[in-house]
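Colleague: Below are the structure tokens for one structure; questions will follow.
What follows draws every value from the coordinates through simple rules; no lab data is involved. It should be emphasised that the depicted structure is a prediction, and the values quoted were computed from it without experimental measurement. Glycine gets a Cβ as well: all are built from the backbone with ideal geometry, and neighbour counts include every protein chain shown.
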Amino acid sequence: MPIAITREVSPAVNECELTNLERQPIDYERACGQHKQYVAALRSLGLEVQILPADPHLPDSVFVEDTALVLDECAIITRPGADSRRPEVDSIVKVLTPYRKLFHIQAPARVDGGDILRAGKSIYVGLSTRSDTSAVGQMQEYLRPYGYEVKGATVTGCLHLKSAVTQVSKDTLLINPEWVDRQLFKGMKFIEIDPSEPYAANAVLIGETIIYPSSFPGTQKRLEAAGIRMVIVDADELAKAEGAVTCCSLIFN
Ligand code: CIR
């Protein structure tokens, strides 16, 4: 059974990092309720969900995606771009150790998992405010023996590469073309977000179904028209922390 690692919302979530959004109060109870809905969606798609306890000292720790890239052959433990987020990796190392050989991104390189998009054997790394070319170089070294090609991808206007583009089927990417150049992703098909919903490009693909936020009805229609199957969740509370649906899990077989 595939596994999803998640972590409960920190009671300190209102002290989260923010890059492109103005700070707004986050309703902790509502965020926890939506997180439960997300966990239920993962379970409904057949995943075994492991839920780590909330950490009151790590405001952004619900966003476990940023701490690692888990592949079939190994995992890379990131070195998150924001200083406040570095300690988040410790508990994830413990959780992943029984499952995978681990490689660690070494200082001073920085990369957030939200900047890492894998499509088959191609791995794209967003060159954002959080991730740099030095981390891309280390990932190339670690992953070349397994046949992966790791490439940097310029992103503008958003926090992470996966704010701008995610996979919604084997050969299709959901993209905000204002934030990333589609030419980078050779051989893929594209569904563009509804331009009135700039944050709509983040979806979690599990098998042939995506988990997708209820906040983007225009883009949802485009996905439906393309025949993409969806489980819809409410995710607007953690969106105030600049988090989207991929951020809240690490999924692997
Ligand atoms: C941060 O700025 O690091 C958090 N407030 C949001 C991280 C969202 N993570 C993700 O998109 N992978």
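Colleague: Pairs only if they're at least six apart or on different chains, beta carbon under 8 angstrom, first in the range 235-253 and under 13 Å from residue 35 (Cα atoms), second of a type in the set (Asp, Glu) and more than 8 Å from the ligand (Cβ to nearest atom); list them, first residue then second.
Modeller: These pairs meet every condition: 237/27.
Colleague: More than 12 Å from the ligand (Cβ to nearest atom), assigned to a helix (DSSP H, G or I), buried (at least 20 other Cβ atoms within 10 Å of the Cβ) and of a type in the set (Gly, Ala, Ser): is that true of residue 41 in this structure? Give the derivation first.
Modeller: Values: more than 12 Å from the ligand (Cβ to nearest atom): yes; assigned to a helix (DSSP H, G or I): yes; buried (at least 20 other Cβ atoms within 10 Å of the Cβ): yes; of a type in the set (Gly, Ala, Ser): yes.
Criteria met by residue 41.
Colleague: Failed condition for residue 77, given (1) hydrophobic (A, V, I, L, M, F, W, C); (2) within 11 Å of the ligand (Cβ to nearest atom); (3) within 26 Å of residue 185 (Cα to Cα), with all others met?
Modeller: The one condition residue 77 does not meet is (2).
Colleague: Between a residue in the range 5-26 that is touching a residue at least 12 places away in the same chain (Cβ under 8 Å) and more than 24 Å from residue 41 (Cβ to Cβ) and any residue that is outside any loop (DSSP other than H, G, I, E, B) and within 10 Å of the ligand (Cβ to nearest atom), which pairs come within a Cβ distance under 7 Å, given they are 6 or more apart or on different chains?
Modeller: Filtered contacts from the range 5-26: 17/84; 17/85.
Colleague: What are the residues in the range 153-163 that are within 12 Å of the ligand (Cβ to nearest atom) and either assigned to a strand (DSSP E or B) or not basic (Lys, Arg) (or both), if any? Walk me through it before giving the result.
Modeller: Pass one, the range 153-163, residues within 12 Å of the ligand (Cβ to nearest atom): 155, 158-163.
Result: 155, 158, 159, 160, 161, 163.
Colleague: Condition first: within 29 Å of residue 121 (Cβ to Cβ) and without any contact (Cβ under 8 Å) to a residue 12 or more places away in the chain. Now tell me which residues in the range 188-233 satisfy that.
Modeller: The one that is within 29 Å of residue 121 (Cβ to Cβ) and without any contact (Cβ under 8 Å) to a residue 12 or more places away in the chain: 227.
Colleague: If you don't mind, another one. Criterion first (more than 15 Å from the ligand (Cβ to nearest atom) and within 18 Å of the chain's Cα centre (by Cα)) does residue 62 satisfy it? Lay out the reasoning, then the answer.
Modeller: Numbers: more than 15 Å from the ligand (Cβ to nearest atom): no; within 18 Å of the chain's Cα centre (by Cα): yes.
The answer is no for residue 62.
Colleague: Going by the conditions given, is residue 212 in a strand (DSSP E or B), within 16 Å of the ligand (Cβ to nearest atom), hydroxyl-bearing (Ser, Thr, Tyr) and in contact with a helix residue (DSSP H, G or I) (Cβ under 9 Å, 6 or more places away or on another chain)?
Modeller: Values: in a strand (DSSP E or B): yes; within 16 Å of the ligand (Cβ to nearest atom): yes; hydroxyl-bearing (Ser, Thr, Tyr): yes; in contact with a helix residue (DSSP H, G or I) (Cβ under 9 Å, 6 or more places away or on another chain): yes.
Yes; evaluated as a whole, the condition is true for this residue.
Colleague: Identify all residues within the range 80-119 that are crowded, with 17+ Cβ neighbours inside 10 Å, assigned to a helix (DSSP H, G or I) and more than 15 Å from the ligand (Cβ to nearest atom); write none if there are none.
Modeller: Hits for the range 80-119 are 91, 95, 96.
Colleague: How many residues, within the range 126-177, are touching a helix residue (DSSP H, G or I) at 6+ places or on another chain (Cβ under 9 Å), crowded, with 21+ Cβ neighbours inside 10 Å, within 23 Å of residue 219 (Cα to Cα) and among the small types (Gly, Ala, Ser)?
Modeller: Going through the range 126-177 one residue at a time, the tally reaches 2.
Colleague: Just one of 150, 136 is among the β-branched types (Val, Ile, Thr), away from the ligand (no atom under 15 Å from the Cβ) and not in a strand (DSSP E or B); which is it?
Modeller: 136 is the lone residue from the list that is among the β-branched types (Val, Ile, Thr), away from the ligand (no atom under 15 Å from the Cβ) and not in a strand (DSSP E or B).
Colleague: Next question, about the same structure. Hey, can you tell me all the residues within the range 218-227 that are of a type in the set (A, V, I, L, M, F, W, C) and either within 19 Å of the chain's Cα centre (by Cα) or part of a helix (DSSP H, G or I) (or both)? Lay out the reasoning, then the answer.
Modeller: Our first condition is that a residue be of a type in the set (A, V, I, L, M, F, W, C); within the range 218-227, this holds for 223, 225-226.
Within the range 218-227, 223, 225 qualify.
Colleague: Separate question: State yes or no: is residue 60 assigned to a loop (DSSP other than H, G, I, E, B) and touching a residue at least 60 places away in the same chain (Cβ under 8 Å)? Let's see the steps before the verdict.
Modeller: On the way: assigned to a loop (DSSP other than H, G, I, E, B): yes; touching a residue at least 60 places away in the same chain (Cβ under 8 Å): yes.
Here the answer is yes, as residue 60 does meet what is asked.
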